[in-house]
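Here, each number is a calculation from the coordinates, and none is a lab measurement. This structure is a prediction, so every number in the text was calculated from the model and none was measured. Cβ sites come from the backbone with ideal geometry, for glycine too, and all protein chains shown count toward neighbours.
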Amino acid sequence: MSITDIIPDIHGQAEKLRVALKNLGWRRKGTTWLHSEPDRQIVFLGDFIDRGPENAAVIRIVRELMDAGRAQAIMGNHELNAIHFHTADPETGAPLRPHDTDNLFQHGSFLKEFPLGASHTKNVLDWMTSLPLFIETDEFRAVHAAWIHSAIDDLRRQTGAGVLSADQLIRAGRKGDTFYDLAEAVAKGPEARLPHQHSFEDKGGKVRHHVRVKWWNGDARTWRQVAMSVPDIDQLPDAPLPDDLLTTIYPDGDLPVFFGHYWMSGDPELQSANALCLDYSAGTDGPLVTYSHFAGSRDLSVENVEIHR
């Protein structure tokens, strides 16, 4: 029975990736990778860069595995952001992602290894642009942040396999463009505007009128059930969700979906019977958490989760 290893956000932590691959039975031979199980595969969930100190090493390992035909990879929001940081809008000449203090800090470790204008930077960015925003097989789905059916369907109609063209990538960097909204939904996750006159204070004391959405919660029917990252849930209305928001919730009974992005904490657990987040802050001091999907299975189990420290 063949196995697919699902590996989430690595964020420049090459040593954590090496440990995980070794624990899963992968070994490097020359510039390629082998496993004792010849049919074993890997799906990477994106966010290979930023934060950690070894962006280049992570990318090299992932590309070697892909070149060997042993892995597929998804574009994460950090790859999308890097593309926009290094790309000028042809209409204005300004970078699609501003070179302000916050963004320079966020991309700091990547920029140390891949400075603006360097030939090897262009090579890596070209590779990033080749990555799809989602992967779907007969048995599971994989996305960086959120599987929103309407967004995925639109992307499939306009891109085929989820790989954005050069023009579509530029449009994805322009607020107000439909491709910006599509890329934001799947690579960064959905947010929803609270009903009129409702807001909450985040942990920093800032008043917010939008909430991040637990799109995987198929049982969610109210604002309190669907919201995440709200310190005091009682600040939200205990009111039914509008129909347009309900349609973004991942249905019970759909294919299992794997994702990263959300910096979970504690012991790994299923977000729902058919949804699993594997991001447990490997980019900082958390472990790299992986999942081994067995061919033929449409059920998720925490028994197939491994924690690599």
- Give, rounded to the nearest 20 debye, the magnitude of the charge dipole that the chain has about its Cα centre when Lys and Arg contribute +1 at Cβ and Asp and Glu contribute -1 at Cβ. 800
- Compute the Cα gyration tensor for region 205-288, then decide on rounded, prolate or oblate, letting a ≥ b ≥ c be the square roots of its eigenvalues: rounded whenever a/c is under 1.5, prolate when a/b is larger than b/c in the other cases, and oblate in all that remain. oblate
- Task: Express in nm, to one decimal, how much length is gained between Trp263 and Ser130 on full extension, taking 0.36 nm for each residue of separation and deducting their alpha carbon distance.
- Result: 45.3 nm
- Query: Points 7 angstrom from Cα along the Cβ direction at Asp285 and Asp181: gap in nanometres?
  - Reply: 4.1
- Task: Label the chain by shape, choosing from rounded, prolate and oblate, from the square roots a ≥ b ≥ c of the eigenvalues of the Cα gyration tensor; if a/c is under 1.5 it is rounded, and otherwise prolate applies when a/b is larger than b/c, oblate when it is not.
- Result: oblate
- Looking at region 152-208, which chymotrypsin sites (Phe, Trp or Tyr not before Pro) are in a loop (DSSP not H, G, I, E or B) and have at most 16 other Cβ atoms within 10 Å? none
- Message: About the Cα centre, and with charges only on the beta carbon of Lys, Arg (+1) and Asp, Glu (-1), how big is the dipole of region 232-309? Nearest 20 debye, please.
- Response: 400
- Between region 149-188 and region 1-59, what's the alpha-carbon centroid distance in Å? 27
- Message: How much length would be gained if the chain were fully extended between Lys29 and Glu306, taking 0.36 nm per residue of separation minus their Cα-Cα distance, in nm to one decimal?
- Response: 97.3 nm
- Query: What FRET efficiency would be calculated for the residue pair Leu104, Gln158, taking the C-beta separation as r and a Förster radius of 30 Å, to the nearest 0.05?
  - Reply: 0.40
- Message: Using only DSSP helix segments of four residues or longer, with each worth -39500 (n - 2.57), what per-residue ellipticity at 222 nm results for the chain after dividing by its residue count and rounding to 500?
- Response: -8000 deg cm²/dmol
- The longest stretch of the chain containing none of the GluC sites (Glu not before Pro) that sit in a DSSP loop with at most 12 other Cβ atoms within 10 Å is 92-268
- Task: Grab the beta carbon distance between Val207 and His149, set R0 = 35 Å, and tell me the FRET efficiency rounded to 0.05.
- Result: 0.65
- Item | Cα-based reach from Lys112 at 16 Å (exclusive), listing lysines while leaving out same-chain residues under 8 positions away | Lys122
- Rounded to the nearest 0.05, what FRET efficiency is calculated for Arg224 and Ser119 with R0 set to 51 Å and r the Cβ-Cβ distance? 0.50
- If the chain between Lys112 and Arg174 were fully stretched, how many nm would it gain, using 0.36 nm times the residue separation less the Cα-Cα distance? 19.7 nm
- Query: Counting Lys and Arg as +1 and Asp and Glu as -1, what is the net charge of the other residues whose Cβ lies under 15 Å from the Cβ of Trp26?
  - Reply: +3
- Among Phe110, Phe105, which comes first, second and so on when ranked by fewest other beta-carbon atoms within 10 Å? Phe105, Phe110
